[in-house]
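Remarks on the structure that follows.
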Amino acid sequence: MNEELYDDYILDHYECPYHKGHLACPTCAHSEKNPLCGDQIRIELKLNDTGHVEEAFFNGKGCAISQAAASILCQHVEGKTVDELHRFQAPDMLRLLKVPLTATRQRCGLLGFKVLKAMMYSLDASPTPPAQQPTANDESIVATSG
Amino acid sequence: MSTPLETPSRPFDVHDVRRDFPILARPLPNGATLVYLDNGATSQKPLLVLDKLREVEATYNANVHRGIHQLGDRVTVELEAAREKIQRFVNAAESAEIIFTSGTTMSINLVAFAWGRKFLKPGDEILINEMEHHANIVPWQQTAKATGAKLRYIPLTADGRLDASHFDRLITTKTKLVAVTAMSNVLGTLNPIRELAARAHQVGAVILVDGAQSVPHLPTDVRDPAIDFLAFSGHKLYGPTGVGVLYGRRELLEAMDPFLCGGNMINEVHLESSTWADLPSKFEAGTLPIAEAIGLGAAIDYVQSLGFAAIHAQESKLLEKALRLLPQTPGVTIYGPSFEHRGSIVSFTVEKVHPHDLADLFDQKGVAIRAGHHCTMPLHDWLDVSATARVSFAFYNTEAEVDALIDAIHYARHKFRLE
Ligand SMILES: Cc1ncc(COP(=O)(O)O)c(C=O)c1O
């Protein structure tokens, strides 16, 4: 049993998240919700001309693990190239969290990662996608996810 | 629902009763002592049930109603004896009105398909409410779509009860079905089944009661107040998973067409058409969960050996203590009605600690609860929270376990640097 799950690193990110909010003009954005627990994460990226992530923001609602992981993810991806994001895999994400997660809690810890990966696929599909603006629906999910 | 005659065969002593449930004494993998407060999700099984399951599988396993051999005879007698126990347990008029299903979900779906799709017409109304489990909402949504009937919702009061001031307006001659839980699996709310049954019958409607949470904790009598359909699950009644019950009034069951079709449910099969077996086989297509159904009979024997008076007394003590201590615990908000209107379930949140984090931290201390929306998304929307933490008591829980729950909340708050 993992007594150290809620260590200061996770709790610091949960209480004072890095870049929680919205970008004015995201290059790409994507939201997902874990229907089992209602946790929800939206990630927005701003890419520059050289294919680097200039800024990454997240918004969401849910448990400490899902929210801290999204914050850690945003901090990690800034400055990375699209290629590097493609190579970034689930075990890398879990390593970034520094605490071992049980199978059920991995779903929480990987929610932001899943959102990022889904966004990368849609980025591949259309090289310069119009940024999906937060819709009324996304916002209402953030407010009342259940 | 009123109390059928019962004669408990032993005095109630919680520590004595706990010895009947081997899992309660087993240390958890992390070494903690189990404090099992997730009985609303599934309950634990007494030795009487575990032994019965083994007896069936090890000594007379065979298919029922089929083999002309000694094992087949024995298992059929046992299965029908279990059916009769269930009949007496809910006071049905005859054992043919007891249909074995896989659980509450299948029981409700059976009614939604075999009764709903046959008898509902455009303009008819199905009356439900937002506190229902998804199993008592989604089948009706689908039935409404398929038949053109309309779904209507009884509004809830601020404390999470059905708002009776809307009954006159909502229960009319258009109403064909009232589907309602006897006990909410989140708020613990005990709904006024007697009044709803009377009103439904006054307008010629049928009432289906979801007894998944109530049947294990309160005496059930399907003839007083008279209800038409009752659905419940074995695994919340100290019995096995995979088996449940649909009680239906004979007249209704006879008017319905089969739900699932295949072996066991036929009378004669010809190339173009078939005729149906008599009740209950008409609704028991295929091979039943045989050991599980017999095990459910043993679970009912066990419950009756304690008696609902003793069960209720113990669970009320736990509920009263939880409702007293939880609000005194910093950051805690509890949902649902006051003590008089609820069964032994309490859902709550702790400020700044998400229910999943609570459940995880509780688990470190051995305290097993449920966190999430508990298959009631509409209710959580109504509560305006995305998730809650839920404790649900059984008679084998102790007052010390309520203290362990409160200690676990302090532990979680401490871990979250809130105290
Ligand atoms: C009120 C209520 N109805 C229906 C169900 C569904 O029961 P089952 O999953 O056993 O079919 C449950 C159990 O979760 C419940 O609490």
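The values are calculated or read from the model by the stated rules, or taken from the named source; none is laboratory data. Note that this is a predicted model, so its numbers are computed, not measured. Reconstructed Cβ throughout: ideal geometry from the backbone, glycine too, with neighbour counts over all protein chains shown. Just so you know, the surface numbers come from the protein's heavy atoms only, side chains and all, with ligands and any DNA or RNA stripped out. Shrake-Rupley method; radii C 1.70, N 1.55, O 1.52, S 1.80 Å.
Selection of the range A:1-44 for residues being acidic (Asp, Glu) and assigned to a loop (DSSP other than H, G, I, E, B) yields A:GLU3, A:GLU4, A:ASP7, A:ASP39. Go over the candidates B:PHE348, B:PHE362, B:PHE393 one by one and state the one that is in contact (Cβ under 8 Å) with a residue 12 or more places away in the chain and farther than 30 Å from A:HIS13 by Cβ. Answer to the selection: B:PHE393.
Checked against (1) within 14 Å of chain A (Cβ to nearest Cβ); (2) away from the ligand (no atom under 16 Å from the Cβ), B:GLU130 passes all but condition (2). Of the helices (runs of 4 or more DSSP H) lying entirely inside the range B:160-278, those carrying at least 1 residues that are within 16 Å of the ligand (Cβ to nearest atom) and open to solvent by less than 50 Å² (accessible area, probe 1.4 Å) are B:193-202. The residues of the range B:365-384 that are open to solvent by 10 Å² or more (accessible area, probe 1.4 Å) and at the interface with chain A (Cβ under 7 Å from one of its Cβ atoms), listed by number, are B:HIS373, B:MET377, B:ASP381, B:ASP384. Exactly one residue out of A:ARG107, A:ARG87 is surrounded by fewer than 21 Cβ atoms within 10 Å (Cβ to Cβ) and within 13 Å of chain B (Cβ to nearest Cβ): that is A:ARG107. The residues in the range B:13-31 that are part of a loop (DSSP other than H, G, I, E, B) and either under 23 Å from the mean Cα position of the chain (by Cα) or crowded, with 16+ Cβ neighbours inside 10 Å (or both) can be counted, and the count is 2. Can you pull out the residues in the range B:319-364 that are aliphatic (A, V, I, L, M) and within 13 Å of chain A (Cβ to nearest Cβ)? The answer is B:VAL350, B:VAL353, B:LEU358, B:ALA359, B:LEU361.
Could you grab me the full set of residues in the range B:388-419 that are in contact with a Ser or Thr (Cβ under 8 Å, 6 or more places away or on another chain) and within 11 Å of another protein chain (Cβ to nearest Cβ)? Correct list: B:THR388 only.
One residue alone among B:ILE108, B:ILE98 is under 15 Å from B:LEU208 (Cβ atoms) and among the aliphatic types (A, V, I, L, M), and that residue is B:ILE108. Among the residues that make up the range B:343-362, is at least one of them among the polar types (S, T, N, Q) and either out of contact with any Phe, Trp or Tyr (no Cβ under 9 Å at 6 or more places or on another chain) or at pLDDT below 95 (or both)? No, that holds for no residue. Screening the candidates B:ALA32, B:ALA62 for the property of being away from the ligand (no atom under 16 Å from the Cβ), touching an Asp or Glu at 6+ places or on another chain (Cβ under 9 Å) and within 14 Å of another protein chain (Cβ to nearest Cβ) yields one hit, B:ALA32.
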